[in-house]
């Protein structure tokens with residue numbers, strides 16, 4: 001069994017029209033939501049063995065704040081330029097290339113690719129993975145390469161900043177509904 005966590009970057013700023021899409025930073029809400037979602041993941045028992053992020057400013061800022069909340073060492077956080085605005089198909093390829101020693105992989109990236117990926121491999125359909133929203137999917141595979149077979153996993157946790165605070169701690173419990 002492998003666990004894949006997909007996390008969309010937190011809300012970004014559009015305040016500076018001269019800044020390109022890749023370099024857009026988090027806005028105030030994003031700066032608040034990223035660590036809060038990291039804390040919710042921690043409270044839910046999330047323990048990624050690898051966090052892989054798009055290098056876009058808003059994604060890497062989100063990944064760093066979530067990593068800090070999880071107690072995940074920033075120096076182990078990795079970036080992959082191919083995650084920037086990647087399609088679901090490209091995201092699957094990136095996941096398939098990960099070392100099988102990593103049992104629990106977190107991808108921090110962008111829409112629409114993350115929503116499409118979640119819908120392709122999860123038993124829990126979603127309309128849109130909102131900014132800073134997260135879905136944790138248990139996959140019935142032993143090697144990451146097997147995701148290319150379009151296996152369907154089980155959503156074990158879904159949360160977003162607009163969801164109410166979960167009532168208990170220590171276990172991935174939020175129903176994927």
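Laboratory data are not the source of any read-out in this text; all were calculated from the coordinates shown. From a predicted model like this one, the values you see are computed outputs, not experimental measurements. In this analysis, Cβ positions are derived from the backbone assuming ideal geometry, glycine residues included, and neighbour counts consider all displayed protein chains.
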Quick one: if you stick a label point 7 Å off each Cα along the C-beta vector at residue 80 and residue 96, how many nm between them?
1.2
Using 0.36 nm per residue of separation minus the Cα-Cα distance, give me the extension gain between residue 154 and residue 47 in nm, one decimal.
36.8 nm
Once you sort the root eigenvalues of the Cα gyration tensor of region 1-50 as a ≥ b ≥ c, which label holds: rounded (a/c under 1.5), prolate (a/b larger than b/c) or oblate (the other case)?
oblate
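Tell me the mean residue ellipticity at 222 nm calculated for the chain from its helices only (DSSP H runs of n ≥ 4, each -39500 (n - 2.57), averaged over every residue, nearest 500).
Values: 4 runs with 48 residues, N = 177.
The helix contribution divided over the chain gives -8500 deg cm²/dmol.
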For the pair residue 19 and residue 39, the simple spin-label estimate (label points 7 Å beyond Cα toward Cβ) gives in nm 2.4
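When the gyration tensor of region 27-128 is built from Cα positions, what are the square roots of 5 times its three eigenvalues, in whole Å, from largest to smallest? Show your work: numbers first, answer last.
Values: eigenvalues 79, 53, 43 Å².
For region 27-128, the semi-axes come out at 20, 16, 15 Å.
Evaluate E = 1/(1 + (r/R0)^6) for residue 163 and residue 127, where r is the Cβ-Cβ distance and R0 equals 22 Å; express this FRET efficiency to the nearest 0.05. Let's see the in-between values first.
Numbers: r = 15 Å, r/R0 = 0.66.
Computed FRET efficiency for residue 163 and residue 127: 0.90.
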Compute the convex hull volume of the Cα atoms of region 91-136, divide it by the residue count, and report the result per residue in Å³ as a whole number.
80
State log₁₀ I(q)/I(0) for the chain at q = 0.10 Å⁻¹ as given by the Debye formula over alpha-carbon point scatterers of equal weight, solvent excluded.
-0.33
